[in-house]
Amino acid sequence: MGLQLADVQGVIQLYCRALTGAPIDVIGMPALAHQPVGGVADMAASTDGTHIFLPPCVDRYPTPEDNFAWLKVVATHQVAHHGFEGPRGLL
């Protein structure tokens, strides 16, 4: 069954907002569930600068804790794109 984004979306969103210092939203995108995005193979996530799009369900690992850890890594990767390439870019 895997970890449902809806079950942890609020926590992931607060985490992303804390990292960016911006009102970024986390949204589940079913179309991204099995597609590589942003040049990173097998990481089904993307950002448009104000939203982070994540898969609605993660079932890569046998435990919810491991799937949550993977989701945080993917979200952090997208936050880095926001921070370095977004409207308030750090470069």
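Between residue 76 and residue 4, take the C-beta separation as r, use R0 = 22 Å, and let me know the FRET efficiency to the nearest 0.05.
The computed FRET efficiency comes out at 0.65.
Once phi is turned into ³J(HN,Hα) by the Karplus curve 6.51 cos²θ - 1.76 cosθ + 1.60 with θ = phi - 60°, what whole-Hz value does each residue of segment 64-76 show in order, with x for glycine and proline?
x, 5, 5, 5, 5, 4, 4, 4, 5, 4, 5, 5, 4
Counting other beta carbons within 10 Å of each residue's own, what order do 57, 16 fall into, fewest first?
The fewest-first ordering by Cβ neighbours comes to 57, 16.
Across segment 13-20, in residue order, what do the Karplus-derived ³J(HN,Hα) couplings come to in whole Hz, using 6.51 cos²θ - 1.76 cosθ + 1.60 with θ = phi - 60° and x for Gly and Pro?
Each residue's phi maps through the Karplus curve to give 5, 4, 4, 5, 5, 5, 5, 8 Hz.
Using 0.36 nm per residue, how much length does the chain from residue 57 to residue 27 gain when fully extended, once their Cα-Cα distance is taken away?
Full extension from residue 57 to residue 27 adds 9.6 nm.
Taken together, the values in this text are just the output of simple stated rules run on the coordinates, not laboratory data. For clarity, every value in this text was computed on a predicted model and none was experimentally measured. FYI the Cβ positions are ideal-geometry reconstructions off the backbone, even for glycines, and counts take in every protein chain you see.
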